[in-house]
Amino acid sequence: MADDAVFDKKKAHRAKLAGRKAEKKKKKNQVDQSNLSARQRNPKAFAIQSAVRAERQFRRREDVIAKKQHIPQVDKTPLEPPPIIVAVVGPPRVGKTTLINNLIKSFIKTNVTSTNGPITIVTSKKRRMTLIECNNDINSMIDIAKCADLVLLLCDASFGFEMEIFEFLNICQVHGMPKIMGVLTHLDMIKNAKKLKMTKKTLKHRFWTEVYSGAKLFYLSGIIHGEYLRNEIKNLSRFISVMKFRPLSWRLTHAYLLADRLEDITNQESIRKDPKTSRDVVLYGYVRGVPLMKDSAVHIAGVGDMKISELSYLPDPCPLPNSEKKRHLMERERQIYAPFSGVGGIVYDKDAVYIELKGSHSHKIEDEETNEKKALLKNVVETKETLDEQMQDTGFKLFSGGAVIYPDMLKDDEYLNHNTNNEKNKSLDESTSETESDSDNDSGIDQSEKDTDVKLPWNNNFESEDDDNDEDMDTDEKLPKNASKIDDVHSSDDDEEEEDFNIKWKEKLSEKATMAYFERQRTSRNIMKLVYGEFEIGNKTKEPEESEGQSDEEEIGGLFKKVTSTQKKKHKEKEQLDLDECSFFYSLDKPKLRDWLNEANKQLIANSFVTGKRSADEDAAELLKLDDASDGDDEMYGDFEDLETGEKHEGEQKTEENKEISSKRKAEPTKSEILNKKLKLKAKFDAEYDNPDDHRIKGDHSYYENLKAEALKQSELNKSVFENLDDGLRIEVEGFRPGLYVRMLFKNMPSEFVTNFDSSYPLLIGALNMAEQNIGFVSCKVKKHRWYKKILKTNDPLIISLGWRRFQTLPIYSKIEDDLKCRYLKYTPQHVTCNMHFYGPITPQNTGFLALQTVSNNSNEINKLGFRIAATGSVNEINKSTQIMKKLKLVGTPLKIYKKTAFIKDMFTSTLEVAKFEGARVKTVSGIRGQIKKALNKPEGAFRATFEDKILMSDIVFCRTWFKVDVTKFYAPVVNLLLPVGNKNAWEGMKTKGQLKRERNIMNDANKDSMYTEIVREPKVFKPLVIPKELQKGLPYKLKPKVKTTTLTKNNRKPSILANKVAVIKSPHEQKISNVMKMLKTNFERKVKVQKATMKERIKKHKKQQEAEEWQKIKRQKELKKKICRQLSKMSSKKQKQM
């Protein structure tokens, strides 16, 4: 048997290793390498060869990524952001106006003649732009830097960067750096190509130094027919269109506007009586920054702080195009709005819309539709009759082929005068309570008779809190029973036309009413309106209308109101309408209605509910069964044994029905499941093939990603909170959000603001937070600008630009000592920061500011100063009081000296002053320290002091003290917009004492103490050394004093030798001889002097002659050497040729 088993064993299959089938199988199992990358085909070749090199690459890649990262900020831009402000800045005559005109033409294909004030244009589907030109005034430059999102900095390349450009860049650095793009013009003035290239390179690197490395610099190569090249302007406009902006910290916390329209609404009669009267001015503009509250105070730059009297929003005068998908804007969507420049078709106001017929697109050929609109507008304007009169004379046909209906025909209608006697009292009672209710005429007929009290089928009188509430309709069913004639005076004629009219207007009345009912039912109720009420534009709530019927209601106890019979009747009717959800618009013959209590009728609408079959693959019954089955599985899954009780539990077997249902569900997947499956497969494919950098080592960026996610989540939450609110309520809660076009009314505005208005100056309106409305002492950290020529002096007037404001104040400079004491400084230190205290508006910490000494554009002053920005800095802290201490040295001289005690005079003037300084430290010039003890009776102000050592009478004693310096309360805002049109750049505030003296040619009085005088000092006579006799005994003989007299008084002075000599008196002959000898001696001395002078001249000439000869000799030697060297070089060259 065993042998049989061995023989019966079948032979194992051996797969073919060669041949056609084996090759086919190999090809089948092989991976298709045509789509694989080189790294996937040969991974070893791309492996890390050097760990050090890989580390360097990784480190560099991470550094590049880290440099690109910014701290994520919450995106607060609304869905419809305000237009971005593009400021064109530069010195005079560099082509600012030409550039603005070309940009406008590039974007909206329109020529603009004037470019005054802001010009708003629609540039793309999601972006608008406000172009504004900055004139050559430092006030305008400061205001533009505070509000601009993008700055086009123009520079004349043929001249180079001017001082205005550097001033503007410094202003931007202080107030928040916007995006800056440089534009070089006048390049066609440089004819040499090499010089042009070098100029471009030099200006580019200088621009990078001021802004940042890699800042974009555009080149406008030249002008053709008064315009820049179209290609270059198109490139510039494309860069502007795709530019992204990072919000600045100051603008993230403050709302602001750039006004683009101004209107004076002051009563003309009051202006006629007093031209200088305060004006009521309305300013318009887009809200920017954060939402603007209507009760917030604002600062108008160049005018001062103002309070908003009225604030409301208007329709957007330059709206974004609709959200349809399209590649580019249509011609009619390329809008422009510039009221100051006289451009823009429509101007909106609170209660009116002004249409300019000759708009920006007036160059187009007018079509028939435009002519028809013009004719219609002309007819409306030229109308002389009122609307009621026109309606009385106007008739209309309700149906084609029917008679013309006039308002007078309604008075003679039989239906109106039919069967109303029975309901007369009832209708009169109801009319008193419903006089103010709305009446909707569904049939289209306007009722002129309001005395009729019968409820007609087309007249729906109702009282509702909201337009969306269901209306209370009177049924046609009750009309034939209860209707009766109210008045028999109006009798109808039996003409054929009237009969036709009575028949035709009653046709299909119930169907029309039913359709109107269903139309109203489609509108959904707004719960927010029901709770909070309705809001108008301007945030004024509508006052609820009170009916006349409620005025007669009786109050019980002053709290409850008694219900009238009319209200009871209304309540019953409403309950009946709520019970029966069907149409009550019955016609006279009562149509048959469906009975919805019947099961067959119920099945017709069963699928309209949640429990029905909503679609082919979504049956509620089957889904509920599946949920029940899954719940059962969750509760008990599989077999298990309870170890505590020992009880065994067995899992329930699934029924065949559930299996069939699940298999059916699996067999027929829904569209959403198929779509999800496809998306998962696509994501898997993208992850595998679209990320070529997956093989690289990546750093951990989770922290940065988490920050980004948090900022994104917060921004989405901010947008979703107020998204579904009504506009009026949203503005009441949130404020006027950025992007809204608002109207601001200011009362009591200075008349000079309107009379001297110049649209070339920007009108910046900045909102002030609660703390910024106060004025107090501000402590700052300041540094004198290194380009400013003068040093700043304490209490010299300084113009400061801080926050939205520009104002003049008197600063005090100080330096913090080691004991945290602010020491008074007379001048600002060089290249070092110091503290500055001034009286001005309270501003948050770390807010940047800049200081100027003048804002006038006087050419002499500018040439003298050069660079106008005097200092820059930031706010340290805000205090209501300041502690600045100034050093004061009190000087005195000794009166009497007793060993280590001395009496000091001339330091104080009274005994009271001495008493205050008792115990104070004093010091002499030689460094001997002491202390004030007590005052003396005489002289007044003298005191006794003790010292470390005995002082001299010649010593000067001084006492170092500190006293508080108060900051001067001076604050004067710069009101340059109130100046006349030509002098807005010549604002002058408080002048320094030096300026006043220079203007009046007043010379300073010389200080005698400061003048240099000759100092005469008598030689000090020291007393001779006196050795006591006891010491003399012990001294050797040679050291003992030999002179007995020790004093130098006149009485004891040693007699001189000349005192014993006798005087010699010469005879006349001897005197003559002595005189002759003196004359001879004088003559000889003169002769010797002349000889010496001639000798010097001769020696001088001789030396000159010798030097000339020496020079000639050297010159001859040089010539000879040259000849010799020349001969030697010739000879050496010949030798080399021969070799």
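Structure above, values below:
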item: Given charges at Cβ of Lys, Arg, Asp, Glu: segment 775-901 dipole, positive-most of Cys834, Ile897, Tyr813; result: Ile897
item: Computed E for Asn863/Lys195 - FRET, C-beta separation, R0 30 angstrom, nearest 0.05; result: 0.60
item: Efficiency of FRET from Cβ geometry, Gln773 and Arg1000, R₀ 35 Å, rounded to 0.05; result: 0.30
item: Highest to lowest packing among 305-316, 1001-1012, 47-58, 828-839, scored as the average C-beta count within 10 Å; result: 828-839, 305-316, 47-58, 1001-1012
item: Karplus-derived HN-Hα couplings along segment 207-220 (A = 6.51, B = -1.76, C = 1.60, θ = phi - 60°), whole Hz, x at Gly and Pro; result: 5, 4, 4, 7, 9, 6, 5, x, 5, 6, 10, 8, 10, 9
item: Net charge dipole size for segment 84-253 [Lys, Arg +1 and Asp, Glu -1 on Cβ; Debye, nearest 20]; result: 960 debye
item: Relative contact order (%) - segment 84-253, alpha-carbon pairs under 8 angstrom, separation at least six; result: 24 percent
item: List Ser1074, Ser814, ordered by accessible area with a 1.4 Å probe, largest first; result: Ser1074, Ser814
item: Tail beyond 26 Å, pair distance distribution of segment 84-253 (Cα, percent); result: 25 percent
item: Relative contact order (%) - segment 860-916, alpha-carbon pairs under 8 angstrom, separation at least six; result: 19 percent
item: Sorted peptide list for 967-979, 1114-1126, criterion being average Cβ within 10 angstrom, highest first; result: 967-979, 1114-1126
item: For segment 968-1022, the fraction of alpha-carbon pairs in successive 10 Å shells from zero, as %; result: 15, 21, 24, 13, 11, 8, 5, 2, 0
item: Label-point separation, Ala12 to Arg246 (7 Å along Cα→Cβ), nm; result: 7.1 nm
item: Solvent-accessible area of Asp75 with every protein chain in place, 1.4 Å probe, in Å² to the nearest 10; result: 70 Å²
item: Portion, in percent, of the accessible area of segment 76-231 that falls on carbon or sulfur, probe 1.4 Å; result: 53 percent
item: Kirkwood hydrodynamic radius of segment 1093-1139, from inverse mean 1/r over distinct Cα pairs, in Å; result: 13.6 Å
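The values are calculated or read from the model by the stated rules, or taken from the named source; none is laboratory data. Since this is a predicted model, take the numbers as computed values, not measurements. Cβ coordinates were reconstructed from backbone atoms using ideal geometry, including for glycine residues, and neighbour counts include every protein chain displayed. Accessible surface is based on the protein model in full, side chains and every heavy atom, while ligands, DNA and RNA are left aside. Shrake-Rupley method; radii C 1.70, N 1.55, O 1.52, S 1.80 Å.
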